[in-house]
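K.L.:
First the structure, then my questions, so here it is.
The values are calculated or read from the model by the stated rules, or taken from the named source; none is laboratory data. This is a predicted model, so every value here is computed, not measured. For neighbour counting, all protein chains shown are included, and Cβ atoms are generated from backbone atoms with ideal geometry for every residue, glycine included.
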Amino acid sequence: MGPKHQRALFCIAERVMTSKRKHVQTIRQLAGTEEYYLLIIREIDRLEGQLCKTRSLQAQATLTLLEWLTTLHYFNWHCAYCQERPFQVMSHIIPLPQGGGTTVENCVPACYRCGRSGRNKKTNMLVIGNLMQLKTKMQAIKEQAQLTMKQLNLSLLPDKYAVCQFHPDKHIPYWALLGDFVSLTRTPEELSIVCQEDNVPGDIEAERGWRCVQVRGAFDFSIAGINASLAIPLAEAYISVLAIATYATDYLLVKEENVERALQVLEQAGHIIER
C-alpha cells in the first residue's frame, strides 16, 4: 500500500472511526476500490468485535479505528511478534481474562501462531517498546489525517452541464469543445464528454441537469484527501456526485435539484463557498 492510499485510509478512519453498518455505503464510495473497501470494513468489524467483548468483561475499551490502522501501518501489516508473517488477528499483550483492555497500548497485530502460542517476556518487552515509539508518532499521524480533511474554497460554476456518451471511435463533435469547462474521457467501451448543456443537440444521448462545483486553487499530486473532504460529508447526506480531477484541481458535478443542499452541507463541513 502506497503512502497516498495509506493517508486516504487514515482520512476515512478519522471521519468514520465510530461507523456502524449504516455507513457502509459512505465507506464504499470513499474507499475508491473494492480492495480498500473490504479492508476497512474488515478492520471495523474486527475492532467492533473486540470492543464489544472487552466491554462485556468491564475492561477498558478505547481503541479507535484510526489508532488501529496506525498500529497496522507501523508494523507494516505484519505480526508484531515474529515480524515475518502477515498479521491475521488482533492480539492483546495483556490478555483480556487477565485484566488487559482493548487500547492502543495493549493491542498489536499478530499471526495465528504467535497470537495463540503465547510469547516470552523478552518478546513482549520488545513489542511494548515498539508501542511506546508508536505513541510518540500517533498524535502527528492524527494531525495529518485531520489536515487532510482540509478546508477548501469552492465556487459554483454558472452553467448547467450534460454527460454525453458516444461510441469509442466517434470523433469529438465541435459543439462539445465550446464553453469554459469540458472533460473528455475515451475508453475501449465509450467516449464520454462532460460539456455545457446548452451546446448539446437534443438527439444526443446524455444525462442532463448537472451543476459543477470547482475547488479553487491548485494542489500537488502528493496531497491526499482533497476529494474525500468533499465526498465524505456529501455521501453522509446521501447526495451523489460525479468527481472529475484535472492536473491542477478537482471538480464535483451535482444534480441541479441537489445543488443548494450540497452547498449547505459543504459549508457545514467547514468549506468556504464563493457565490
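K.L.:
Would you be able to say whether some residue in the range 256-264 is part of a strand (DSSP E or B) and not assigned by TED's automatic domain parsing to the domain that holds Thr33?
P.N.:
No, because not a single residue in the range 256-264 is part of a strand (DSSP E or B) and not assigned by TED's automatic domain parsing to the domain that holds Thr33.
K.L.:
Within the range 53-65, does at least one residue satisfy the condition of being outside any loop (DSSP other than H, G, I, E, B), within 19 Å of the chain's Cα centre (by Cα) and either modelled with pLDDT under 90 or outside the structural domain of Val127 (by TED's automatic domain parsing) (or both)?
P.N.:
Yes, some residue in the range 53-65 is outside any loop (DSSP other than H, G, I, E, B), within 19 Å of the chain's Cα centre (by Cα) and either modelled with pLDDT under 90 or outside the structural domain of Val127 (by TED's automatic domain parsing) (or both).
K.L.:
Are any of the residues in the range 226-236 part of a loop (DSSP other than H, G, I, E, B), among the small types (Gly, Ala, Ser), in the same structural domain as Cys164 (by TED's automatic domain parsing) and at pLDDT below 95?
P.N.:
Scanning the range 226-236 turns up no residue that is part of a loop (DSSP other than H, G, I, E, B), among the small types (Gly, Ala, Ser), in the same structural domain as Cys164 (by TED's automatic domain parsing) and at pLDDT below 95.
K.L.:
Looking only at residues that are loosely packed, with under 12 Cβ neighbours inside 10 Å and not in a helix (DSSP H, G or I) in the range 136-167, which one is modelled with the lowest pLDDT?
P.N.:
Gln151
K.L.:
All but one of (1) modelled with pLDDT under 95; (2) in contact with a Leu (Cβ under 7 Å, 6 or more places away or on another chain) hold for Gln196; which doesn't?
P.N.:
Result: Gln196 fails condition (1) only.
K.L.:
Condition check: within 16 Å of Leu39 (Cα to Cα) and assigned by TED's automatic domain parsing to the domain that holds Ile41. Does Thr102 satisfy that?
P.N.:
The answer is no for Thr102.
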